[in-house]
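See below for the structure under consideration.
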Amino acid sequence: MRILTAAQLRALDQATIRAEKITSGELMERAAKAFTKAFTRHFPDPERPVVVVCGTGNNGGDGLVVARRLKSRNYKVSVIQANIGTRSADNQDNFKRLKGQGIEVRQLTQGDPWPAIAPEAVVVDALFGTGLGRPVAGYWAELIDYLNALPNFRVAVDLPSGLSSDGPQEGPCVHADLTLCLGLPKLALFAPANTQLLGNWELVTFPLADPDRLHPEVGGGPAYQATLNDASELGGLLKKRYANDHKGTFGHAFLVAGAFGTMGAAVIAGRAVLRAGAGLLTCHIPRSGYEIMQISFPEAMCKVDTHRYHSTEIGDLGAYDSIGIGPGIGQEALTVEAVRSVLSRYERPMVIDADAINIIAAHPELLKLIPKNSLLTPHPKEFARLFGETEHDFARWQVQREVAKRNGLVIVLKTGFTSIATPGGELYFNPTGNPGMGTAGTGDALTGVLTGLLAQGYDPVTAARLGVYLHGLAGDLAAEELSQEFLLAEDVVSHLGQAYRKLRE
Ligand SMILES: NC(=O)C1=CN([C@@H]2O[C@H](COP(=O)(O)OP(=O)(O)OC[C@H]3O[C@@H](n4cnc5c(N)ncnc54)[C@H](O)[C@@H]3O)[C@@H](O)[C@H]2O)[C@@H](O)CC1
Ligand SMILES: Nc1ncnc2c1ncn2[C@@H]1O[C@H](COP(=O)(O)OP(=O)(O)O)[C@@H](O)[C@H]1O
Ligand SMILES: [K+]
């Protein structure tokens, strides 16, 4: 599913109107109908009062339609009409259509005292959506502060009013508890900095033109800026398994992980390699990790370093279909040389994580040695060590894209909505995963999954998109069964089977 800028979304609305021969009012009706359906699913009790706070643009127009539709379902709904500017045509039409419906409308003009709102009412925020042209200021900013100070549950129509859809947040913004985003996602939904403003968010879909089909046909028509991975597309990317396939078919993976005190990273990542479907796994580990590895994970073969506590000399790499390097390896001088040697000798895409990333950050000349199309999986701190600090999420995505393109790498930036930048310049966001995965070792599990997918012959971009999705989905299934608090990295790994099954459905 494509992620469009506000300007691209406007162009897409127009394209939908042309292609389907509908009016803009009918498109608004479609959007508001889909919103109302989602809203009533969240709030099924029509006795609970609903107060829709409407602006004068099309976001306000949506709010007016929602009020009318809730009323027809016997909801106790009223409207606060904020007279911000000149009404859009569809806002005006829908304002007229409220008459005679028995809906109380309170007008709010600059300087008016704040309207009273019963604390049990659900506040529907329809002041501004994607048409926000500048930070909200003055009286309307104070209205936003007033709404935020109320104890009420706040549901945003499309976006919390005041939110910048395509760039860093400026100015006041409604703090939504729930955001029901209309049509296609906006970039702001994925920014960690916006988490508190958005609350939980969901997409409310309704028929719109396909931005991909329009772009080549309509000169300057809607394009997209990023893509949200979805199950329907990713499920189709899974490889089939045939009756005569064997462990050779599914690839031999090599994992360089663990050191004295961090052998768990090797165990977790190694399990994930085989649970993701690789045929064979060899782990390179320091001598002191040998028994740990063999006892806790008998399916893996071990290559033992000459050093007791660290990996220092890594032998022939020719036999391996993929390599994962980094979890728990530490940053000893001899390990730095071992990483340098692996990067220089291996010529196929590999997975680079954790301490291998920190080593590259401390020795930037190593960046050039990374085989083309390799996957780097930094979390935000590791990303900053590698590529520098950025001022905000949007700037970091920009840097992520640039470094992926310039160096021919797949950069997987691990956040709540992990982003994947590709050598071809695409940016993908992942929808699965949950805060329960903020626990030690889940990143090591991801490295294992990605290494296992590469071993099976998935191309690096597909491996990244599928691996991040499956890893997050396994985390969601584990959290559903066990609770987020209880979740351990090994639970993520042990739910990979169910995640595969669900994705194949
Ligand atoms: N395809 C879709 O998703 C559809 C979305 N629609 C809705 O249309 C919305 C966009 O509507 P508009 O483009 O009319 O824009 P908005 O309704 O978001 O807001 C624009 C209005 O607010 C004013 N304004 C902007 N910034 C301001 C500021 N800082 N202070 C005071 N006034 C300010 C503008 O002058 C304009 O009147 C979407 O968010 C969505 O809710 C639907 O109505 C149509 C279909
Ligand atoms: N709030 C969240 N929502 C979704 N995924 C999350 C969340 N918090 C953490 N994760 C995922 O958990 C993993 C954590 O990785 P990382 O920070 O490398 O942990 P570790 O170093 O302990 O293995 C990443 O894949 C990340 O995307
Ligand atoms: K809004």
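Against the condition in contact with a strand residue (DSSP E or B) (Cβ under 6 Å, 6 or more places away or on another chain) and either more than 11 Å from ligand 1 (Cβ to nearest atom) or assigned to a helix (DSSP H, G or I) (or both), how does Arg154 come out, does it pass? Yes; evaluated as a whole, the condition is true for this residue. The single condition among (1) touching a residue at least 12 places away in the same chain (Cβ under 8 Å); (2) near ligand 1 (Cβ under 10 Å from one of its atoms) that Thr179 does not meet is (2). Tell me whether the stretch 371-389 contains one or more residues that are within 16 Å of the chain's Cα centre (by Cα) and assigned to a helix (DSSP H, G or I). Among the residues of the stretch 371-389, at least one is within 16 Å of the chain's Cα centre (by Cα) and assigned to a helix (DSSP H, G or I), which makes the answer yes. Within the stretch 315-328, residues that are buried (at least 24 other Cβ atoms within 10 Å of the Cβ) reach partners that are assigned to a loop (DSSP other than H, G, I, E, B) and acidic (Asp, Glu) with beta carbons closer than 6 Å, at six or more positions or on different chains, in the pairs Gly326/Asp353; Pro327/Asp353.
Condition check ((1) touching a strand residue (DSSP E or B) at 6+ places or on another chain (Cβ under 6 Å); (2) surrounded by fewer than 18 Cβ atoms within 10 Å (Cβ to Cβ); (3) of a type outside the set (Gly, Ala, Ser)) across all residues:
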| residue | (1), (2), (3) |
| --- | --- |
| Ser161 | yes, no, no |
| Ser164 | no, no, no |
| His175 | no, no, yes |
| Leu180 | yes, no, yes |
| Ala193 | no, yes, no |
| Leu198 | yes, no, yes |
| Ala231 | no, yes, no |
| Leu234 | no, no, yes |
| Lys247 | yes, yes, yes |
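Taking (1) farther than 29 Å from Ala464 by Cβ; (2) without any contact (Cβ under 8 Å) to a residue 40 or more places away in the chain in turn, Tyr309 satisfies each apart from (2).
Each row is one residue, and each column tells you yes or no for (1) surrounded by 22 or more Cβ atoms within 10 Å (Cβ to Cβ); (2) over 24 Å from Ala193 (Cα atoms).
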{"site": "Arg406", "(1), (2)": "no, yes"}
{"site": "Glu426", "(1), (2)": "no, no"}
{"site": "Leu454", "(1), (2)": "yes, yes"}
{"site": "Val461", "(1), (2)": "no, yes"}
{"site": "Leu482", "(1), (2)": "no, yes"}
{"site": "Phe486", "(1), (2)": "no, yes"}
{"site": "Ser494", "(1), (2)": "no, yes"}
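Scanning the stretch 80-120 for residues that are touching a residue at least 24 places away in the same chain (Cβ under 8 Å) and among the small types (Gly, Ala, Ser) yields Ala82, Gly85, Ser88, Ala89, Gly102, Gly111, Ala118. Applying the criterion of at least 3 residues that are touching a strand residue (DSSP E or B) at 6+ places or on another chain (Cβ under 7 Å) to the helices (runs of 4 or more DSSP H) found wholly in the stretch 397-505 leaves 442-455, 460-482. Residues of the stretch 123-177 that are among the polar types (S, T, N, Q) and either within 16 Å of ligand 2 (Cβ to nearest atom) or closer than 22 Å to Gln110 by Cβ (or both): Asn148, Ser161. If you check Ala156, Ala118 for being away from ligand 3 (no atom under 16 Å from the Cβ), modelled with pLDDT of 95 or more and small (Gly, Ala, Ser), only one passes: Ala118.
The values are calculated or read from the model by the stated rules, or taken from the named source; none is laboratory data. Please read all numbers here as calculations on a predicted model, not as lab measurements. In this analysis, Cβ positions are derived from the backbone assuming ideal geometry, glycine residues included, and neighbour counts consider all displayed protein chains.
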